[in-house]
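Comments concern the structure below.
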Amino acid sequence: MNNLLNKIKSNNYTKNDLIEALSLNSDEAVSLFSLSDKIRKDYCGEKVQIRGLLEISNICARNCNYCGVRANNDLVQRYKMPIEEIYSIALDMDKKGVKTLVMQGGESKTYNPFDLADLIREIKSNTDMAVTLSLGEHSFETYKLWKEAGANRYLLRHETANKEHYKYLHPDGVLDTRLECLRNLKKLGYQTGVGCMVGSPGQKTEYLAEDLEFIRDFKPEMVGIGPYVMHEHTPFKGEPNGDVFLTLKMLALVRIITKTALMPATTALATIGNEGYKKGLSVGCDVIMINFTPQKYKILYEIYPGKKCISENTDTILSTIKDLIISCNRQVSIDQGHARNIIKNQK
Ligand code: SAH
């Protein structure tokens, strides 16, 4: 056991070692979790970053088989938040001390890229916020436009590092294109986020090991990992949800392998895991995203059902999350919480 964890910690492991670690039982996983928590302490400290999430549009051109807002789901009422509304919520978040705005949405040409660039520029010049985008696959030129407008980070989960599995999840997508987008984002200087779901249909433990190898090699600044949550109105209707314990082992391994990556205790984990945020924070996570999407849109951004939502009132959510962080003996960060590359691998 200790030998296995030492190998992983010192970057001297095989794919089989990763599979073995992902297969630990709950007694054995205690040492995995305490190692990942120790590495989090040593390399990342006690601060937990709060990010403000805005789900700006559920209009999507893609047909990801797991996602509730996939293009072919006719039951979804589609929306696009007006630019002015996004801007005014951003100002509000900034005032409340939330120093990162994450704009997420379906992948489409709903917004003119130049309009979004203008919005990013406005936010960057009138607030003290970092801007993160999570809007799917776009051309190098579009990513460049948004980067030059001031965007700091981009979240684009790779979803699975296995080609066949990728095709199974995304009938209209190709893994190589996704990876090309990720390389472009890095080239452009974005702090880049990858990630995957745990327990997505068709997934084998071996594929999760491949995800970990991909994460090791790509060296992302951020990694988002949550359990798959079944949505009735998708081709994956009836498939079981991902396993919370396996998700925690995956998060712990990401912490041990990357040392410094920013890693959220995801909403999906909080949704199906009892005390999911706390569990995530205890195995190496150091970020929590708070949903600032107005209620009328939030209910329509149903990528999976039952999304954890503590309250409709963002002040209440903020104070609940802050209390939760403090109850875990951690600190609420008040800065923008940029990537830690500078100190990467120094310890
Ligand atoms: N259109 C953007 C944002 C997608 S939503 C993009 O393509 O990147 C953000 C993430 O939610 C996805 O990357 C996916 O990993 C996750 N997700 C989508 N449907 C889900 C489901 N049913 N259960 C759990 N996570 C899901």
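Worth a mention:
- In sequence order, the range 225-239 has phi-based couplings of 9, x, x, 5, 10, 5, 10, 4, 9, 9, x, 8, 3, x, 6 Hz under the Karplus curve 6.51 cos²θ - 1.76 cosθ + 1.60, θ = phi - 60°, and Gly or Pro positions carry x.
- Taking all Cα pairs closer than 8 Å and separated by 6 or more residues, the relative contact order of the chain comes to 24 percent.
- The range 216-247-the range 134-157 distance, computed between alpha-carbon centres (Å): 23
- Rounded if a/c under 1.5, otherwise prolate or oblate - the range 124-175, Cα gyration tensor axes: prolate
- In this structure the amide hydrogen of Asn291, modeled in the peptide plane, comes within under 5 Å of the amide hydrogens of Leu53, none closer than 5 places in sequence on its chain.
- Spin-label proximity, Ile334 to the range 117-157 - amide N less than 16 Å from point 7 Å beyond Cα toward beta carbon: 128-129
- Database remark: amide H of Val332 closer than 5 angstrom to the amide H of Val48 (H placed geometrically; neighbours at sequence offset of 5 or more, or on other chains; Pro and chain starts carry no H).
- Based on the convex hull around the alpha carbon atoms, the chain presents an average projected area of 15.6 nm².
- Carbon + sulfur, % of accessible area of the range 41-346 - ligands and nucleic acids excluded, 1.4 Å: 51
- Inter-label distance, nm, simple model (7 Å from Cα along the C-beta direction), Asp128/Ser34: 4.0
- Among 269-278, 111-120, sorting by the average number of other beta carbon atoms lying within 10 angstrom of each residue, highest first, gives 269-278, 111-120.
- Qualifying aspartates and glutamates (Cα of each under 18 Å from Cα of Lys307; at least 8 residues distant if same chain): Glu55, Glu232, Glu239, Asp243, Glu275
- Distance between the modelled labels on Lys7 and Thr205, one decimal in nanometres: 1.4 nm (7 Å Cα→Cβ projection).
- Per-residue ellipticity at 222 nm, computed for the chain from helices alone with -39500 (n - 2.57) per DSSP H run of at least four residues, works out to -13000 deg cm²/dmol.
- Site pair Ser327 and Asn25 shows an inter-label distance of 3.2 nm when each label is modelled 7 Å from Cα along Cα→Cβ.
- Taking 20 Å as the limit for the C-alpha separation, the pairs Lys47/Lys322; Lys41/Lys99; Lys38/Lys249 exceed it in the case of Lys41/Lys99.
- With protein chains left intact and a 1.4 Å probe, residues in the chain average 41 Å² of accessible area per residue.
The values are calculated or read from the model by the stated rules, or taken from the named source; none is laboratory data. Predicted model, so just to flag it, every value in this text is computed and none were measured. Ideal geometry is used to build each Cβ from the backbone, glycine not excepted, and the neighbour counts take in all protein chains shown. Ligands, DNA and RNA are stripped out before the accessible areas are found, and what is left, the full protein with its side chains, is counted by its heavy atoms. Shrake-Rupley method; radii C 1.70, N 1.55, O 1.52, S 1.80 Å.
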